[in-house]
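**Student:** First the structure, then my questions, so here it is.
Just so it is clear, none of the values below were taken in a lab; they were calculated from the coordinates. Model, not experiment: these values are computed from the prediction. FYI the Cβ positions are ideal-geometry reconstructions off the backbone, even for glycines, and counts take in every protein chain you see.
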Amino acid sequence: MMTRLLASLRGRLRRRRIEREIAEELQDHLEREIAAHQMRGVSPDEARRLALRDLGGLVQTRDATRDVYATWLDGLWRDLRYAVRVLRRAPRFTVTALTLLVVGIGSTTAIISVAYAVLLRPLPYPDPERLVFLAEKDGGGIAWPDFQDWRARATSFDGLASSLADSVLLTNGPVPKRFESRSVTANFFRVIGSTAYRGRLFDEADSRPESGATVVVSHGFWLRELGGDAAAIGQTMSINRRPFTIIGIMPPGFRYMTPADVYLLLEPQVAANYRGMQSRLTHTTLFAVGRMKPGVSVIAARTEMQAIAEALALESTGKVGPYVRVQLVSLSDRIVGTMAPTLTVLSGAVTLLLLITCVNLAAMLLNRATARSHEFRIRAAIGGSRWVLIRQLLVEHGVLVGAGGLLGAAAGAAILTGLIAAAPRDMPRLDEIHLDLAVLMWTTLACAACAGVFGFVPIVKTAGTIMQGAVVRSGRGPTRSATSLRWGLMIAEMAVATVLLAGAGLMVHTMLRLTRVDPGFDPHNLQASSFSLTGASWPDARKQVFYDAVVERLRAVPGVESAAVTYSLPILGSNWWQVFMIEGTTAEHWIAVGEFPNAGMVPVSAGYFEALRIPLLKGRSFDRTDTPDSAPVAMINSRLARRYWPDGDSIGKQIRQGLPADPFGPWRTIVGVVGDIKQEGLDQNTPQQVFLPAVQVPRTTMFAVARTERSVASSSLDQAIHDLDPAIPVFNDRTMDRIMSEAASRRRIAMIVLTVFGSVAVILAAVGLYGVISQGVADRRQEIGVRVALGATYAQVVGLFLRHGLIVVGFGIGCGSAAALAMSRSLKSLVFGITATDPATLAATAALLALVALVACYMPARSAARVDPLEALRSD
């Protein structure tokens, strides 16, 4: 086989030389024969005639000789050149087909590449299917004592570790730099299955009290901040104004959940009671990861962990309530999180768009095959075999789909770049997304298969009928089977367009509902920045003074109307959830109820509610009389007041964080009730909230919030804080409008993509329907002429084609509506304020498609009614 292939290639490359040599040899042979005949006394002309007769003709002999050395490559090359000429002679068909292929292949490749990278590609850890994520009730953070009990009692795991996302200050230089960090238990990297790029990772010895402070840095941090110096191992760096020894460097690209620059040990922080983690009632953002033993299922591990949690509740309270729950899911599911439904919907939508592309391509190829049937009859009649015709079409369609695939790859790369740029900031595995060549090949092959099935079959049938002998243009229309196939394709296309347009309508409706949600505050002209007061140089007393100084300095910035500081911003979520007690109740009472009172604790400065324009419903707001030495006070939101004081008498009541046996702070008097705000997102229920004076409960990292009268550069606000202390890191400068926009980015992407796909689907469906009706008009031209000659009116002819088209449209919309209802569950987690089966949206979708289809059917039907009967009857 290789010998024949090499010979074919050699023959193809040396073609001109071989033909020249054969021509020279044939000419020499002819001259010798002529000379031989002349020696026998024959005249020159007769000698030449006799020599040519003996040779069998010069041209014929040369062609026969060429057939000996000519290869399949010659035929392929001829077919390729002919295919390019044919496509160039039909620019409308070629451009339309290429546009279809680029839209279908490009969009499908981009969306499926994202979905594969995020949803399907295995996590970059050894045996990732054995890794699970653990949290407490409703995915909340774990109390450190609970985690210790879990690790001591669980038997389903080879290892159980925990980690806490945080931030640190690198204080080596004159100006501190803030970096993302992750505090992990000593066995964390062993559970994950990671190894060091250089140096080593944590072990149990590092977590002992007598051990020195150690740190592991990311590969990116090593390159950026340490210059990629191999001697960095063993060096000391100052973190939060404490010396840490670098013991290891993580491999390139390593990340767990969120990016981190440095990794610290968690055990020393717990020993120092960081964030009050030694209390069983303190739930920070501490989460666990476990590596299940071989053969243990997620269900079995979850069952065991739930049993452990219930046993712990019985031991501590004597009762198991509904609040005792463990969330255990595979790590990949947790990492994907809420993006899974969005990507699933977009993957389904782009698959439907690819289907529409294939349907349109099929319809175009069927129409083109019908238009070229006379050409293929002639070619078959003059000796072209069925295989020759099919091979020619194979090459022609290969050129078309190949060009479409190349252009689709370029379009897919551009679309993918746009999707990555528009992706939410918390998009999981964003750095792992790239154009997937396997997906590109799959989509291109799908289009090629469609071209093969719908492009070759009609020609095979046509070539089979050639041998009957007649090579004439038939005035008859297409066969019933061909017509049924075209209409069937249109029904499928209308159905798919209905599904896509219904999804787009639901997402548009959802976004409109979100814009009408009252967040409980005024987000316009509101800017926020974070600042961190870390280290022993920032005791609580200094923090309390600094909060007031920040507020005063921000208010002095030109254009700033009001300012405040807060521990948690609306929409971004509560950073501090805690159980609290109400004066006059006991722990036993709440155990009997089944759940202790809990709320998001939000330390804020005086002026916070005025700056955000949160309405005060009762009592008073915090003011300058609330100091570290004054009576402890608190404010609550309306939801919390309605739940625990339904009679409206909450002012003057007292609450205290923690349980009676484990209190966190003093009793606080409720001095005010404010309106509810959307703390966890516009689409989430308003949580219970307790607001505390920031000067009475100082925190390390705070938000500075400023309401401006006009546009003020964020650098001006940052500079105002740096004027107080240049060493303080200020970061995450954002407007509240941007925060709200980012919160809806997941739905916005789904809306944009579905709307674009739905619009393209409607256009393609309209074009396809127009093409089928137009083809029907051309096929039935003589029939129309006869009808008009016999007295058919304009309305009757138009009605004939409109009736056929609208019947198909009705079937397509009906099937598509049923499919949209069946697929509505996939959109359930994305819609807001409406149901995924919203009848108004489905009705509007059907009406829009019917209107577009009516226009697409009417235009060719109108042309049919204007046919001149004499001209139609004279045509062949």
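**Student:** When only C-alpha pairs under 8 Å and at least 6 residues apart count, what is the relative contact order of segment 534-727, in percent?
**Tutor:** Numbers: 373 pairs, mean separation 66.7, N = 194.
Relative contact order of segment 534-727: 34 percent.
**Student:** Related question: Could you check what % of the DSSP bridge pairs in segment 534-727 are antiparallel, to the nearest 5? Walk me through the numbers on the way to the answer.
**Tutor:** Details: 22 of 32 bridges.
So the antiparallel bridges in segment 534-727 amount to around 70 percent.
**Student:** At residue 25 and residue 540, where each label point lies 7 Å from the Cα along Cα→Cβ, what is the point-to-point distance in nanometres?
**Tutor:** About 10.5 nm, to one decimal.
**Student:** Which number do you get for Rg(Cα) / (2.2 N^0.38 Å) in the chain? Intermediate values should be presented prior to the final figure.
**Tutor:** Values: Rg = 38.4 Å, N = 876, 2.2 N^0.38 = 28.9 Å.
Cα Rg divided by the expected 2.2 N^0.38 Å: 1.33.
**Student:** Within the chain, what's the longest run with no GluC sites (Glu not before Pro) in a DSSP loop and at most 15 other beta-carbon atoms within 10 Å? Give the range, please.
**Tutor:** On the way: sites that count: 210, 583, 595, 709.
Formally, the longest exposed-site-free interval is 211-582.
**Student:** Treating the beta-carbon of each Lys and Arg as +1 and of each Asp and Glu as -1, no other charges, what is the dipole magnitude of the chain about its Cα centre, to the nearest 20 debye? Let's see the in-between values first.
**Tutor:** On the way: 92 positive and 74 negative charges, 726 e Å.
In total the dipole reaches around 3480 debye.
**Student:** Listing 774, 316 from the residue with the fewest other Cβ atoms within 10 Å to the one with the most, what is the order?
**Tutor:** Listing 774, 316 from fewest to most nearby Cβ atoms yields 316, 774.
**Student:** Between residue 561 and residue 725, 0.36 nm times their residue separation minus their Cα-Cα distance comes to what?
**Tutor:** Numbers: separation 164, 0.36 × 164 = 59.04 nm, distance 2.27 nm.
In short, 56.8 nm is gained.
**Student:** What FRET efficiency would be calculated for the residue pair residue 177, residue 314, taking the C-beta separation as r and a Förster radius of 45 Å, to the nearest 0.05?
**Tutor:** Working: r = 48 Å, r/R0 = 1.07.
In this case the efficiency is close to 0.40.
**Student:** Now for a separate question. Could you tell me the center-to-center distance, by alpha carbons, between segment 20-55 and segment 750-811 in angstrom?
**Tutor:** So the two Cα centres are separated by 68 Å.
**Student:** So which DSSP H runs in the chain come out at 27 Å plus along the axis (Cα) with average Kyte-Doolittle of at least 1.6? Mind showing how you got there, number by number?
**Tutor:** On the way: long enough: 15-39 (36 Å, -1.28); 91-115 (35 Å, 1.52); 298-317 (28 Å, 0.64); 339-371 (48 Å, 1.53); 386-422 (51 Å, 1.39); 437-466 (42 Å, 1.67); 480-515 (52 Å, 0.98); 745-779 (50 Å, 1.31); 794-822 (42 Å, 1.46); 839-865 (38 Å, 1.50).
The answer, listed by residue number, is 437-466.
**Student:** Take the cross-link list 177/543; 543/653; 137/618; 137/678; 177/678; 293/828 and give me the ones stretching past 25 Å between alpha-carbons. Mind showing how you got there, number by number?
**Tutor:** On the way: 177/543 19 Å; 543/653 29 Å; 137/618 33 Å; 137/678 21 Å; 177/678 32 Å; 293/828 35 Å.
From 177/543; 543/653; 137/618; 137/678; 177/678; 293/828, over 25 Å: 543/653; 137/618; 177/678; 293/828.
**Student:** What nm distance separates the two modelled labels at residue 200 and residue 53, each placed 7 Å from Cα along Cα→Cβ?
**Tutor:** Inter-label distance under the simple model: 10.2 nm.
**Student:** How far, in nm, would the chain grow between residue 512 and residue 667 when pulled straight, counting 0.36 nm per residue and subtracting the alpha carbon separation?
**Tutor:** Values: separation 155, 0.36 × 155 = 55.80 nm, distance 4.39 nm.
Full extension from residue 512 to residue 667 adds 51.4 nm.
**Student:** Expressed as a rounded percentage, what relative contact order does the chain have, with Cα pairs under 8 Å and six or more residues apart?
**Tutor:** Numbers: 1442 pairs, mean separation 132.1, N = 876.
Across the chain, relative contact order equals 15 percent.
**Student:** Evaluate the charge dipole of segment 137-325 about its Cα centre and quote only its size in Debye, nearest 20, assuming +1 on the Cβ of each Lys and Arg and -1 on the Cβ of each Asp and Glu. List each step's numbers first, then the result.
**Tutor:** Working: 21 positive and 17 negative charges, 51 e Å.
In total the dipole reaches around 240 debye.
**Student:** Could you compute the FRET efficiency for residue 789 and residue 407, with r as their C-beta to C-beta distance and R0 at 41 Å, rounded to 0.05? Show your work: numbers first, answer last.
**Tutor:** Working: r = 48 Å, r/R0 = 1.17.
For residue 789 and residue 407, the calculated efficiency is 0.30.
**Student:** Still on this structure, I have one more. Fewest Cβ neighbours within 10 Å first, please rank 162, 43 accordingly. Before the final figure, lay out the partial values.
**Tutor:** On the way: 162 25, 43 10.
Fewest to most other Cβ atoms nearby, the residues stand as 43, 162.
**Student:** Sum -39500 (n - 2.57) across every DSSP H segment of at least 4 residues in the chain, then divide by the residue count to get the 222 nm mean residue ellipticity, nearest 500.
**Tutor:** Numbers: 28 runs with 463 residues, N = 876.
The per-residue figure over the chain is -17500 deg cm²/dmol.
**Student:** By residue number, which cysteines of the chain lack any other Cys whose Cβ falls under 4.7 Å from their Cβ?
**Tutor:** 447, 815, 857
**Student:** Give the residue from 328, 246, 272 lying farthest towards the positive end of the charge dipole for segment 196-331; charges sit on Cβ (+1 for Lys and Arg, -1 for Asp and Glu) and the dipole is referred to the Cα centre.
**Tutor:** Comparing the listed Cα positions along the dipole, 328 ranks first.
**Student:** Can you sort 841, 236 by how many other beta carbons sit within 10 Å, fewest first?
**Tutor:** Numbers: 841 24, 236 13.
Ranked by crowding around the Cβ, least crowded first: 236, 841.
**Student:** Taking 0.36 nm per residue of separation and subtracting the Cα-Cα distance, what length does fully extending residue 235 through residue 631 add? Working shown, then result.
**Tutor:** Details: separation 396, 0.36 × 396 = 142.56 nm, distance 4.84 nm.
Full-extension gain reported as 137.7 nm.
**Student:** Report, in whole Å, the centroid distance computed from the Cα atoms of segment 210-245 and segment 617-696.
**Tutor:** 42
**Student:** Taking the Cα atoms of segment 98-167, report the difference between the largest and smallest coordinate on each principal axis, in whole Å and largest first.
**Tutor:** So the extents along the principal axes, rounded to whole Å, are 63, 26, 24.
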